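Taking it in order: structure first as structure tokens, then the write-up.
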Amino acid sequence: MNCQELRERIVDPSSATQGGHAPVVEHLQECAACRSLARDFAAIEKLLRAAPESEPPTDFDQRVRVRMARETATARTIAWLASRRALGAAGVVLGLVLGGLLIRKTPVPTTPHSGRPTFRAATPDTRDLPPPDILAVRSTPIALETGPLGDEERQRILALKHVEFLGFVETLARLAPLFPAEIGPAAPGAPTTAPARESEEAEADRLADWRAASREERARWMKLEATFAAHPFAERQLLEERWRRVRGFTSDEKAGLKRLAARLSEMDEKRLARFESEVRAMTRLGESDRRLKWRSHPFVGTLTGQEIASGEKLLLLS
């Protein structure tokens, strides 16, 4: 007899393939695992035999049937509530209830003794209305209205620098090593050239941009204008001249210039001065040699393709 046959014999004596008690005793003497299993089964059997036999209550069958029926009804109710039809019906009922509550809360207009209803014209209450938005353009306030702009307001708005230029001023300042010193400080009392007036179409575009801008965008525009106006006159001339050189660049090329300017801002003063001197030397070369020298520069080797191409185009304009 092996372990499997013995365990089947312990659980179900009728499943034994070999009869008699002697093979069982012989195997138990040789196998410690089966002896432990036999002792466990004997303890369980002894425990079960010690429990007194009891009869179920007389209404046991009826109670089981009632409980099963109750659980079945509950399951059916839950399934019905989960159906789309039930959810739709519940929504209709809820809407009717809310509608009834709103109708009950709506005040009924009172009528005078003559029986005719009277209507009072509603007058707007302006006490809580915010004041009109006002921005200062060069110390002169401008009201942001939706109606047509007056001539004075139009002139004040057109006197602002172009918002794209104002947003590019910081980049132009950081790109100084790639620009020649094309404009020096103006001599005291020297005549200045008035800027050329924009075309009517350009002025219309400027006014349209202003009117389409949000309050936050206009405030940003004014802040940039004030920052630029704080620069000395010679610096403002220099920055405007640089802008005239790059304003025809594509949006991708301008983005490359902004990223290149950010990279230049990471240099210390000594390294930046050396780089500027090397770029000045490049500008004295021919176009092909200038391009080759630019692309072989160690700093340029750390740039992205967009930054290299934008810087090269700017360098070739010098």
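Quick note: the coordinates plus some simple rules give every number you see, no bench work behind them. Here the structure is a predicted model, which means the values were calculated and not measured. Note that each Cβ is placed from the backbone with ideal geometry, even for glycine, and that neighbours are counted across all protein chains shown.
Laid out as a table, the results:
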{"quantity": "Phi to ³J(HN,Hα) by Karplus 6.51 cos²θ - 1.76 cosθ + 1.60 over region 224-230, Hz, x for Gly, Pro", "calculated": "5, 4, 5, 5, 5, 5, 6"}
{"quantity": "Of Lys223/Lys270; Lys161/Lys270; Lys254/Lys293; Lys161/Lys293; Lys223/Lys313, those spanning more than 28 Å from alpha-carbon to alpha-carbon", "calculated": "Lys223/Lys270; Lys161/Lys270; Lys161/Lys293; Lys223/Lys313"}
{"quantity": "Distance between modelled label sites at Ser277 and Arg247, nm, 7 Å Cα→Cβ extension", "calculated": "3.6 nm"}
{"quantity": "Derived scalar couplings ³J(HN,Hα) [region 279-288; Karplus, 6.51 cos²θ - 1.76 cosθ + 1.60; whole Hz; x for Gly, Pro]", "calculated": "5, 4, 5, 5, 5, 8, 8, x, 4, 5"}
